[in-house]
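The values are calculated or read from the model by the stated rules, or taken from the named source; none is laboratory data. This is a predicted model, so every value here is computed, not measured. Cβ atoms come from the backbone with ideal geometry, glycine included; neighbour counts cover every protein chain shown.
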Amino acid sequence: MSNIPKDLKYTSDHEWLRVEGDTAYIGITDFAQSELDELVYIEVETVGETLNQEDEFGTVEAVKTTSELFMPVSGEILEFNPQLNESEGDNPTLVNEDPYGEGWIIKIRLTAPEEVDELLSAEAYEALIS
């Protein structure tokens, strides 16, 4: 059974969103990281850009596959987790080990906070993946 924290919002593309005031953290779910297996590289070249909901903001590369990452909501990308960044911490397996904590991928400033209400609850996401 996947770990699905109740206080987060989810997308059908297996991203999660944690809102903190007018900013939010985005990562991939425990289910997604387990399906991908060990991550070897995470690329985010959109820091400083303002993207719309559903826009691609980066990619995660696992041993066998590469997957696009999509914005759960519209926002300005403020930060790419330095612990995952190849030029800094270069530890993409943090996403495997702690997908909802240290393994967050980007921090954004919300530009359309009302979009958060359109995302899946923990219960709805659990139903989607079961």
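Considered as a group, the residues in segment 86-120 that are part of a loop (DSSP other than H, G, I, E, B) and without any contact (Cβ under 8 Å) to a residue 40 or more places away in the chain include one that is nearest to residue 9 (Cα to Cα), and that residue is 101. Return yes or no: is residue 63 of a type in the set (Val, Ile, Thr), modelled with pLDDT under 95 and closer than 15 Å to residue 32 by Cα? Here the answer is yes, as residue 63 does meet what is asked.
Where residues in segment 20-49 are over 23 Å from residue 3 (Cα atoms) and buried (at least 18 other Cβ atoms within 10 Å of the Cβ), which of them is nearest to the chain's Cα centre (by Cα)?
Just the residues of segment 20-49 that are over 23 Å from residue 3 (Cα atoms), to begin with: 21-23, 43-49.
Right, trim to buried (at least 18 other Cβ atoms within 10 Å of the Cβ) and you get 44, 46.
Working: 44: 11, 46: 14 Å.
Among them, the one singled out is 44.
With respect to residue 52, determine if the residue is without any contact (Cβ under 8 Å) to a residue 24 or more places away in the chain, closer than 24 Å to residue 7 by Cα and either surrounded by fewer than 17 Cβ atoms within 10 Å (Cβ to Cβ) or not acidic (Asp, Glu) (or both). Spell out the reasoning first.
Details: without any contact (Cβ under 8 Å) to a residue 24 or more places away in the chain: yes; closer than 24 Å to residue 7 by Cα: yes; either surrounded by fewer than 17 Cβ atoms within 10 Å (Cβ to Cβ) or not acidic (Asp, Glu) (or both): yes.
In short, yes.
Summed over segment 50-83, the residues that are of a type in the set (S, T, N, Q) and within 14 Å of the chain's Cα centre (by Cα) give a count of 5.
Among residues of segment 15-44 that are free of Cβ contacts under 8 Å to residues at least 60 places away in the same chain and under 21 Å from residue 114 (Cα atoms), those with a Cβ under 8 angstrom from a residue that is of a type in the set (Ser, Thr, Tyr) and crowded, with 22+ Cβ neighbours inside 10 Å, sequence gap 6+ or separate chain, pair up as 15/29. Checked against (1) part of a loop (DSSP other than H, G, I, E, B); (2) buried (at least 18 other Cβ atoms within 10 Å of the Cβ), residue 77 passes all but condition (1).
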